[in-house]
1. Send over the per residue convex hull volume for segment 352-420, Cα only, as a whole number of Å³.
2. Translational diffusion coefficient of segment 271-343 at 20 °C, 1.002 mPa s, Stokes-Einstein with Kirkwood Rh over Cα pairs, in µm²/s as a whole number.
3. Subtract the Cα-Cα distance of Gln334 and Val412 from 0.36 nm times their separation in residues, and report this length gain in nm to one decimal.
4. Considering the dipole of segment 209-262 built from charges on the beta carbon (Lys and Arg +1, Asp and Glu -1) around the Cα centre, which of Gly246, Phe258, Gly232 is farthest to its positive end?
5. Among Val197, Val173, Gly183, whose Cα projects farthest towards the positive end of the dipole of segment 162-241, with charges put on the beta-carbon of Lys, Arg (+1) and Asp, Glu (-1)?
6. Along the charge dipole of the chain, which of Ala416, Leu326, Gln394 sits closest to the positive end, that is, farthest toward it, with unit charges on the beta carbon of Lys, Arg, Asp and Glu (+1, +1, -1, -1)?
7. How long, wide and thick is segment 127-244, going by the Cα atoms along their three principal axes, in whole angstroms, largest first?
8. Would you please put 50-61, 159-170, 306-317 in order of how densely packed they are, using the mean number of other Cβ atoms within 10 angstrom per residue and starting with the highest?
Amino acid sequence: MATRTVSKERPVARLWVLVPPHRALGGAARLADSTVVGYVSQDADGRMQAGDSPIALLPRCQRLEIVLDAGDVFQATVQAPKLTETKLRLALPNLLEDRLLADPAQCHFAFPPQARVGKRSTESSQLPVAAVDRELLARLLEVLSSTGERPRAAFSALYVVPPPDKESLPVHVARGRLVARTGPHEGVACDLGEDDVAPAALRLALQGGGWKQIRAYGPQARLLEGIGKSLGVAVDVADPIIDVAGTGAAIDLLQGAFARGGLIGDLSRRRPTLRSWRGPLIWLGVAAAVFIAGMNVYWLKLQSEASDVRDRMASAFRSSFGNVELVDPIVQTQRELVRLRTRAGQASPSDFTALNAQVALLLAAAPVGIVAAVEYRDATLQLKFKSPPDASLQNQLRAQAVQQGLQMRFDVDGSAFVNATGG
């Protein structure tokens with residue numbers, strides 16, 4: 001495993017990683033951070049530089065893009081109905097089943113963003129589509145993420161050169177591979193022959209389009225000068241290694257299941273701006289407004305219920321004790337009940353006599369002579385003990401008090417306070 005060296009140099013503005021052909025890797029499982037790949041870097045001034053490096057030792061960059069070998073990405077144009085993105089993605093395996101050599105279930109499909117239509121339609125249109133082995137793309141993203149780099153796009157090497165014009169055929173040559181772009185989304189890819197022998201695929205591409213000139217791009221672009229002489233066509237070596245405008249028209253494979261997801265996006269790897277935060281801030285504001293509105297509605301509901309309970313308590317009090325000034329229905333009801341019991345000759349549960357009798361029954365389970373003094377105040381009987389009861393006795397007395405309709409609590413000094421429940 002290669003070890004990434006943290007460089008103090010300023011990261012390059014863009015980095016294109018040129019992935020070797022799938023067959024050269026020996027399978028997606030063989031792809032690792034020690035795999036040597038080609039790359040093209042571009043600094044802030046637009047200058048480009050090409051090189052080879054293990055994936056783990058790639059230059060630090062602000063924007064990383066994956067360039068897959070054109071032979072590993074199937075490109076085609078299909079007659080597809082205008083559907084929503086989800087339905088269109090489900091329909092593509094059936095539309096391309098007869099053209100693909102691989103199992104459609106093992107492929108990941110992509111198409112240009114402008115092909116996404118939000119309404120149903122019975123009309124059909126020409127749709128450019130790209131397909132790649134799902135395992136290869138997943139493994140490549142996994143390896144790159146382990147190095148701390150997160151790709152912004154992934155596309156075929158077909159798009160590193162501009163589309164062809166009437167005069168010249170654009171060709172890219174790097175690490176012994178040749179890619180010729182014969183149309184907006186079409187092209188051919190092959191290995192570069194030995195010496196100045198022209199590859200058959202390049203010869204057929206020139207004959208098919210009638211081009212008499214080659215526009216050469218890439219780190220090995222000058223190798224085409226000798227091949228051009230053998231073909232009898234002029235070769236114009238382009239200054240940029242990669243045509244940046246051509247990559248802008250590429251079909252990005254990082255969509256669907258491989259899309260760079262999340263509402264906030266990749267803010268952690270780029271400088272946050274007000275525009276990048278606009279979406280999250282809008283949703284945060286909406287969530288806050290809904291929360292505040294919900295809390296106000298809930299508070300109004302509780303206030304209405306509390307007002308209704310107070311009105312019913314006041315009505316019940318006045319229906320029982322007459323139309324008197326009402327301040328606290330609960331306290332006034334308790335006082336009226338005590339007054340009525342006194343008039344009827346009944347002792348209130350909070351009276352000293354009744355409460356003392358109840359406490360005497362309660363202390364029957366306690367040791368004899370445990371109580372040192374008894375005080376009665378505000379309908380509460382305070383018991384002071386010669387020695388504070390232990391925890392088990394306190395629990396036993398509290399349980400027995402509940403059964404007798406009493407409330408009993410112990411203070412920190414060991415004394416106990418007893419009063420009638422609701423008294």
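1. Values: hull volume 5.5 nm³, N = 69.
About 79 Å³ per residue, rounded to a whole number.
2. Working: Rh = 16.6 Å.
After rounding, the answer is 129 µm²/s.
3. Working: separation 78, 0.36 × 78 = 28.08 nm, distance 2.99 nm.
So the extension gain works out to 25.1 nm.
4. Farthest towards the positive pole: Gly232.
5. Gly183
6. Leu326
7. The Cα atoms of segment 127-244 stretch 47, 34, 25 Å along their principal axes.
8. Highest to lowest by the protection proxy: 159-170, 50-61, 306-317.
Read-outs: derived from the displayed coordinates by stated rules, not from any lab. Nothing here was measured: the structure is a model prediction, and the numbers come from that model. Cβ atoms come from the backbone with ideal geometry, glycine included; neighbour counts cover every protein chain shown.
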